[in-house]
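Asker: One structure is given below, represented as structure tokens, and several questions about it will come after.
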Amino acid sequence: MSFDGNFKPRRQINLGGRRPDTDKNRILRRAALERKQRAEDRRLSELSIKLQAHVRRWLFQQRFHRECREIWFQKYRPEQLVQVKEPRELHDMGNVEYWGNCIRQFCMFASLPEDEEGLLAVIHLYSSLYSTLNLPKVTMQQLLSLTLSDLSTTDLRSVLPNSQAASFLSEALKVVHVCSHYMKEQDAQKYFTLILSLPQHHPDLLKHSSKNLIQTLVSPLQDNAGDVAKFIAIASVFVQTVLTSSLFTTILRSSKDASFTVATSLSVLIPLPTFAFVKSFSTELLLPLLANTSYLLEQAPSNLNLWTLLSLELETACHLRAASANQHPEENDESDSDEEETMTTTQVSSIRNVLKNGFAHGNLSEQASRLCSRAFLTDVFESSIVADSLAFQLICRAYTSLLQLIPNEKRASALMYLSLLSNVSGKGVTFLEYCWNTLHNYAIYSLLQQRLDLQGYFGKDLDEWFIMILMEQVYTRVLFTMIDEEFHSEEFNPLFKVLPDLCILLKNTILGLYSDPLLLEDINKSTHVNFEVLRVSTTQLLQQLYRGNERRRFVDPSMFMATGYFNLSEFETGVLQEAEKLNATLDSTEAPTTSFYSKWYPKTNILNNCPFLLPFHFRIHLLHRLVESDKRKYGFDSIWRRMSHVIIRRNRIFDDGYDAFHTFGPLFKGPIKITFVDEHGVVEEGIDGGGLTKEFLTSICRTVFDTNYGLFSETFANLLYPSTKAYAQDPERLHYYEFLGMLIGKCIYEGIQIDAAFAPFFIAKWLGHPSHIDDLAALDLKLYEGLAFLKHYKGDVENDLSLSFTVVHEEFGVKEEIDLIPNGKNISVTEANRLQYIHLVSNYYLNARLSKQSKAFTQGFTQLINPHWLAMFHENELQLLVGGAPVSIDVDDLRKHTVYAGEFDENSPTILFFWQVLREFSEDDKRALLKFVTSVARPPILGFKELNPLFCIRSNGNDETRLPTASTCVNLLKLPVYGSKQILRDKLSIAIQANTGFGFS
């Protein structure tokens, strides 16, 4: 249809006789398009109407504002208002209502920057009369917005004389402070950002109005303290905007009372989850947040919100540091760029520079030192705030993370300061006692009856664990400088009474933490409690207590064992399987990390960290199985393997042995063939089936471990340790020590015991353990007693004793003074630093001067004995491995495990004579006989059943004039048939005392 007069449509004629279906669909589509076009036309028409209305309204507002502005400027004369100096002058010019209308009318039309002059006048007016004015809320919000916008964009010095700029700036801050009460929550971020930017636009602000600036900054917090929900919302924005700003750091330090004002404004307790956003912060936000929070805490140590913030910040820093360490395991500048890394290059660089070595960076280092100072720790922990369980948990949580980040020397000092607290929470108890008593109130205390069930802690945030972690770290540090007499005294050891309970608690915790490393990893991801840190601290403390109990018992040794918890057969199978995987791993990589062991080798990890949980005899058995497995792997047990044949001169046994074997390295584990030449140059009889090798090893050790040889010295108890002479550190001598380590390793590998006893502090070096003051008693008892006297001296340490941080080393009559610390000779030992002096002296004598020799020895030792095998044993137990058990020879046990050959059986007359004579022998003669037959004078650690092959006696003819002979390679005694007991005694005595090598064999 159309409107041109031709309303009749043209007929559509289809000569095909059938109307196509597409015509109907075309009509429907066309109709739909037409409807859509009509709707669009209506929309555009409505929009044009609205736009025209908006333009008309805007034009009207502009015209109205211009008219209002002209009327306002004519009526109120802003240039005159600015000159008014006293409020009474304003009262003379008009009443309160008059000036209220003035401000309200201005806010209706004001627009910056054209109304800059008027705004300055209104600011001056309001700052003078704000206490008497009662303006509408909308006017207050408008005035706040105008003032903030002007301050953030205008330098007052450009529009006012310098003499007036400072005063008007102060007035502007007063206006903002008063109006901030009417601020909307959604405007909080803009408000704080603008306030922080003011010092950039107005440099004189910090000099003249810093107090007003701080007050203005925190006024939204103070004004909304009564509305908890609004306060929490604004406080969250304050933390994210203000505390993460480096500008705030400058503002905070501009006024003496600034920290107290800010901390007081955050006094309303905020739930911890409110601050969870901190964990997502980047390094750029985290570092200023750490600096500002710790600075505020110094002024307000009782503010729980600040402790909550600090704990979350430090935990985030620990996670970032761990992420950086995983990305840079070698702690060098080599980086492996990966587009899928979780942190940016900038973040990694920053966190490595700042957190890799702890808080060793600018202000952070200074503030960490203050937080860990004795004065601050005393103020915090001896105040009433820690009486609140939540507060104590928060503080312990924060320090647990902080101690992971600061350098070791600061960490040690902080732990020592905590141990010295004697009035925690004002209750007259030490820090350790308070922690132990507090744990009674939590589920942790149930671990006295059962092991830790890790599954029960999945996804649970139980902050009482932080109390236990901090207690363990403090006690571990205390034990480093606590001598045994103090340890066994209730006066000096605050936990002495509860040591049995503490050992059980630690053991049950350990059993749970080591039970399932993969579950432990999952739990760490589901909770903010770092169970890995708990594992390390619990392990270290239990190890310390175990070593102390080995030196001087305070509980039954069985209290450290958990035999009933383990199925030893399954455990043995698991260890052997892990050893095979571990060997395969070590073939393809240099060395797995600690976390790799913890995660994939749980049983090996138990043996490495808590071997005392398992019986000693079981661990000896495990070592034998591991050695057998190692021999099979490298083919050392094959009869077809070619042996290294070496000729050894007895009078040059060490030189020949060193020349032949010191370059062998791990191949020294393989079989060797020895031929001896006596001092006359005569080749000794005997075919080396293993016996001559044993003779070689025991003889060379006997030679070189003689103190006259110059490589080793003896304590007053005849225990061996490396010589401390200067020549002992020569490169050639260090190669000797490395070879000696290989010899001891070979002895353990072959199950051969030698007649040598080593000092515990030297054996500790094989395990990688440093020695401490208690070990000093084994080296120099007088020095130990002197240091103990110094530790408890009641007089004036500095003036009475006149000590400095030096030691005197004397060698061949020449004395040398050695500084323990830089410029130590000029630093006096005082009451305050005497513990440091005691630690340094002990470290010098036990660790520093033995360092190179011990390192070389251990390097050779571990070429044959896997360090993870060593870690299965304590120092005293390793001594048993090397030298055997210093016990009497059990004749009954030997007889029980003796076999007979030739014409002999257990009822033969000569055999009966032999056992009668052996029982009558002195202990020395018994050992001489044992050495004659087996080449070792001490019985096997686990008894004669472990002798391989078993002790054997074989008949050797009927000639009574012959002496007994032996084949030490097979532990065989060849005994002629003797007709009487006396003849057997005489011949046997001559043989075992002859000591003429293998000529008799």
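The values are calculated or read from the model by the stated rules, or taken from the named source; none is laboratory data. These numbers were taken from a predicted model, which means no experiment stands behind them. Note that each Cβ is placed from the backbone with ideal geometry, even for glycine, and that neighbours are counted across all protein chains shown. Areas reflect the complete protein model, heavy atoms only, side chains present, ligands, DNA and RNA absent. Shrake-Rupley method; radii C 1.70, N 1.55, O 1.52, S 1.80 Å.
Asker: For each pair in LYS926/LYS974; LYS633/LYS765; LYS190/LYS230; LYS633/LYS694; LYS673/LYS746; LYS525/LYS581, compute the distance between the two Cα atoms and list the pairs where it is over 21 Å.
Answerer: Flagged as over cut-off: LYS633/LYS765; LYS633/LYS694; LYS525/LYS581.
Asker: Based on the Cβ-Cβ distance from ARG642 to SER922, what FRET efficiency comes out when R0 is 56 Å, to the nearest 0.05?
Answerer: Computed FRET efficiency for ARG642 and SER922: 0.80.
Asker: So the label point goes 7 Å from the Cα of HIS621 along Cα→C-beta, right? Which residues of the stretch 935-950 then have their backbone N under 19 Å from it?
Answerer: Correct set: 940-948, 950.
Asker: If you roll a 1.4 Å probe over the heavy atoms of the protein chains, what accessible area per residue do you get for the chain, in Å²?
Answerer: Ligands and nucleic acids excluded, the figure is 48 Å² per residue.
Asker: Let me ask something else. Pull out the extension gain between GLU732 and ARG43, defined as 0.36 nm times the separation in residues minus the alpha carbon to alpha carbon distance; nm, one decimal.
Answerer: 238.3 nm
Asker: Given only helices, namely DSSP H runs of n ≥ 4 each adding -39500 (n - 2.57), what is the per-residue ellipticity at 222 nm of the chain, to the nearest 500 deg cm²/dmol?
Answerer: Helix contribution divided over all residues of the chain: -18000 deg cm²/dmol.
Asker: Can I ask one more? Over the stretch 430-560, what number does the Rg to Rh ratio reach, with both radii from the alpha-carbon atoms and Rh per Kirkwood?
Answerer: 0.97
Asker: Here's a follow-up. Between the helical axis of 517-526 and the dominant principal axis of the chain, each derived from Cα atoms, what acute angle in degrees is found, rounded to the nearest 10?
Answerer: 20
Asker: Please give the FRET efficiency for THR703 paired with LYS725, using the beta carbon to beta carbon distance and R0 = 22 Å, rounded to the nearest 0.05.
Answerer: 0.70
Asker: May I pose another question? LYS791: which aspartates and glutamates have alpha carbons under 18 Å from its alpha carbon, excluding same-chain residues fewer than 8 sequence positions away?
Answerer: Here the aspartates and glutamates satisfying the reach criterion relative to LYS791 are ASP484, GLU485, GLU486, GLU490, GLU491, ASP774, ASP775, ASP780, ASP800, GLU831.
Asker: Assuming a ≥ b ≥ c are the square roots of the Cα gyration tensor eigenvalues, decide whether the stretch 701-762 counts as rounded (a/c under 1.5), prolate (otherwise, with a/b larger than b/c) or oblate.
Answerer: In terms of gyration-tensor shape, oblate.
Asker: At 0.36 nm per residue, and after removing the present C-alpha to C-alpha distance, how many nm does the segment from LEU33 to THR663 gain when stretched out fully?
Answerer: Gain on extension, LEU33 to THR663, equals 217.3 nm.
Asker: To continue, here is another question. Which percent of the accessible area of the chain is formed by carbon and sulfur heavy atoms (probe 1.4 angstrom)?
Answerer: 50
Asker: Hey, another quick one. Students often check this: by mean Cβ neighbours within 10 Å, which of 739-747, 710-718, 254-262, 869-877 ranks highest, and how do the rest follow?
Answerer: Ranking, from highest mean packing down: 739-747, 869-877, 254-262, 710-718.
Asker: Can you tell me the FRET efficiency between LEU519 and SER828 if r is taken as the Cβ-Cβ distance and R0 is 51 Å, rounded to the nearest 0.05?
Answerer: Result of the calculation: an efficiency of 0.45.
Asker: In the set (1) 47; (2) 43; (3) 31, which value of percent of Cα pairs over 53 Å apart was calculated from the structure you see?
Answerer: Entry (2).
Asker: Right, next: So for the stretch 891-994, considering every pair of alpha-carbon atoms, how many percent are separated by more than 16 Å?
Answerer: The proportion of pairs with Cα distances above 16 Å equals 53 percent.
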